[in-house]
Amino acid sequence: MKIGFIGLGNMGAPMSKNLAAAGHEVVGFDLVAPVPEGVTKAATAVEAATGRDVVVTMLPNGQILRKVAAEILPGMKSGTVFIDCSTVDVESARAVADEAAAKGVLAMDAPVSGGIGGAAAGTLTFMVGGSKEAFEIAAPLFEVMGQKTVHCGASGAGQSAKICNNMILGATMIATCEAFALADKLGLDRQKMFDVVSTSSGYSWSMNAYCPAPGVGPQSPADNGYKPGFASDLMLKDLRLSQQAAEAVDADTPMGKLAAELYTTFVEKEDGKGTDFSAMLPRFEKRGRS
Ligand code: NAD
């Protein structure tokens, strides 16, 4: 396929590289990042998108997505496909899909889970919102860039799934970290804590696959000085998106709200910015109840 790829940052660069390596003709554009191996450089987003069968975007937020979509959609032909893989607010995802539909372009929101490692290895999980027709055209590309794809429903459903997942992740990571800090103060050995919880009803991905305690459980950012991994700033972004969505539909999400407040304090007032989101453990270790 002829593919335009816009946003060649930490995630977009390896994703576009994998598409090119699979034999697709990929033309890429980024405001600052260089094009990866196998990808042809375009001078503008419009140039990257015009005349392609599929355009993929991997951008920082909904505002930038709306701006880029407004630039490129006029040059895209009816029947072509626009896949946004960024994590953005549900409203922006739906607004861009409506704008695309008005021009006959098949749009999908397809945010990912799996981080930079998953992007490089082609093992991302895609959660997709959009029509069946669009999904069937794009499915082979998801297979190149990922190992699991779920068609979640109509436009916005992919972003809805992503923010719900990450709201659970934020809350469980905090719960896991505060439990480790409590266990420390109770004099419980961390390895024993892991051995029990990872095989008991307190288990979760945060404990079992991404243990926040260094030297315990599988290799994780905790074993690398809490260098991300998945940065606290990005977790905060996703928690804010989940709260924005919850407000829009009047959903009561007290745990998600508290998780967003804790990551806000951690990133904006403490030393959490630029650290992995599991660095909540050393934060709790230093604190008492007040
Ligand atoms: P990044 O900041 O490394 O990359 C974004 C890129 O977009 C940058 O290179 C930037 O120059 C470019 N860009 C910004 N405005 C542009 C414009 N108008 N035209 C062209 N390019 C433009 O971010 P990332 O880590 O690659 O994340 C991208 C998206 O993926 C975000 O929405 C993020 O929330 C999501 N995400 C990231 C991860 C992760 O672990 N990094 C995991 C899952 C999802």
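A few comments on the model shown:
- For segment 50-126, the antiparallel share of DSSP beta bridges with both residues in that region comes to about 20%.
- The overall shape of segment 4-151, judged from the alpha-carbon gyration tensor, is rounded, with an a/c ratio under 1.5.
- Neighbour net charge for residue 74 - beta-carbon separation under 12 angstrom, K R +1, D E -1: 0
- Dimensionless Rg ratio for the chain, taking C-alpha atoms and the 2.2 N^0.38 Å reference: 1.06
- Counting DSSP beta bridges with both ends in the chain, the antiparallel % (nearest 5): 15
- Using a cutoff of 8 angstrom between alpha carbon atoms and counting only pairs six or more residues apart, the relative contact order for segment 1-101 works out to 27 percent.
- Rounded if a/c under 1.5, otherwise prolate or oblate - segment 196-290, Cα gyration tensor axes: prolate
- Separation between Cα centres of segment 28-52 and segment 127-206, rounded to whole Å: 32
- For segment 50-58, 3J(HN,Hα) computed residue by residue from phi via the Karplus equation (6.51, -1.76, 1.60; θ = phi - 60°) reads 5, x, 8, 6, 9, 10, 10, 10, 9 Hz, glycine and proline entered as x.
No lab work stands behind these numbers, since they all come straight from the coordinates. This one's a predicted model, so the numbers in the text were calculated from it and none came from an experiment. With ideal geometry, Cβ positions are generated from the backbone for all residues, glycine too; neighbour counts draw on all protein chains shown.
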